[in-house]
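First comes the structure, then the notes that go with it.
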Amino acid sequence: MTRSTLALLIVLGAGSQACADSSSTGSGGNAGQAVGGDSSSGGQQATGGSGAHSGGNGGAVASGGAGGSGGQAPTCEGLSPASGTTTHTLEWDGSSRSYSVHVPPSYSAATPLPVVFVFHGFTETASLIELISGMTPLAEARGYIVVYAEGLFTSWNAGACCGSSGTLGVDDIGFVGAMLAEIESTYCVDPARIYASGFSNGGMLSHRIACEMSDTFAAIGAVSGTIAVADCAPNRPIPVSSFHGTADLVVPYNGGFSGGASVPDTIAGWVARNGCTTTATTFDQGDASCETHGGCDAGADVVLCTLEGGGHQWPGGVSAGPNGIINMDISASSALLDFFDQHPMPSP
């Protein structure tokens, strides 16, 4: 193994090698602030249909978006009224698993809130992806519950990737379902507004969730992560938003990463599954541009935001380490929340 190959494996996800049970702080970092890089703010909110993304930190902050109509709204009687951050331990498939839940101050047990999962990359931890993404304060402002989970061996079984979770066949899809069941039994959750997102290996897991849990998750978002399952047959068209740098050397834009598809093939797959018929540029600022594939079955838009020259990073967040340039022309976290606001679970 060459030194360059070893270095590439080490920086995959640029996180800690230790698998630690981390309690989230709720601070989440400041989206738009890079470590050792520029911290330019974003631009105006993009227009151009339901798939439009907001740019950088200048995008308008939504008030929680339109509530979904899929499923019956829960009564939430007897559920916890507490806000703040809590760490939970769950016994699943013979292992002790942990995750943290951040509940916004605006929460009350009488009003169902949306939930967004944010999955870390290979070798990362839950607390690190909270920092990198800067999702907590942005989600809190919009009234989202945010979940950060720990992967076994600091990895997720996203199909053909990654690490020991992939090679050992860890049941991470089951773990996600078990986490959600606990969260729904504790907090007042809107069943029509449950979303998955993630970075690198965590983004790959989000794609797998879209393939296998489309009856539960309304939409997904992936940052620097492509699809890594050979067979993907969701039970319904599911909206997908993706961010990827053209100079990503860890999960290359045009393919070459063991187990993961190229970005063009990943997007083409979702466009075909969702029956999309139109394509429009919905954001174009600096080195960031987004194309929205619309006219899709059940309104399941597919969005690809390409970061020209961008590395293996979370755009608009905090640098994930020596993995190339972090694009600050768009905030992936803000844009994902915009996308999620616009895509609740459709009515049955």
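Descriptive notes on the structure:
- Summing +1 for each Lys or Arg and -1 for each Asp or Glu among the other residues whose beta-carbon sits under 12 angstrom from that of Asp231 gives +1.
- DSSP-assigned coil residues among GluC sites (Glu not before Pro) in the stretch 70-137, each with at most 15 further Cβ atoms within 10 Å: Glu77
- Cβ-based exposure ranking for Cys76, Cys211, in which fewest neighbours within 10 Å come first: Cys76, Cys211
- Here the Kirkwood formula, the inverse mean of 1/r across different C-alpha pairs, assigns the stretch 229-348 a hydrodynamic radius of 15.0 Å.
- The residues neighbouring Ala222, those whose beta-carbon lies less than 14 Å from its own, together hold a net charge of -1 under the Lys/Arg +1, Asp/Glu -1 convention.
- Across the stretch 63-218, Cα pairs under 8 Å and at least six residues apart give a relative contact order of 29 percent.
- Sorted ascending by nearby beta carbons within 10 Å, beginning with the fewest, Trp92, Trp270 become Trp92, Trp270.
- Shape of the stretch 143-214, Cα gyration tensor, a/c cut at 1.5: prolate
- Cβ-based net charge around Pro114, under 14 Å, with every Lys or Arg adding one and every Asp or Glu removing one: -3
- Summing Cβ point charges (Lys, Arg +1; Asp, Glu -1) relative to the Cα centre of the stretch 261-319 gives a dipole of roughly 140 debye.
- Label point of Ser347 set 7 angstrom out along Cα-Cβ; within the stretch 223-267, no amide nitrogen lies under 13 Å from it.
- Simple spin-label estimate for Ala233 and Thr167 in nanometres, 7 Å along Cα-Cβ: 3.0 nm
- Cα gyration tensor category, rounded, prolate or oblate, for the stretch 151-291 with a/c compared to 1.5: oblate
None of the figures in this text is laboratory data; all of them are computed from the coordinates on show. In this text, all values refer to a predicted model and were calculated from it rather than measured experimentally. Methodologically, a virtual Cβ is constructed for each residue, glycine included, from the backbone with ideal geometry; neighbour enumeration extends over all protein chains shown.
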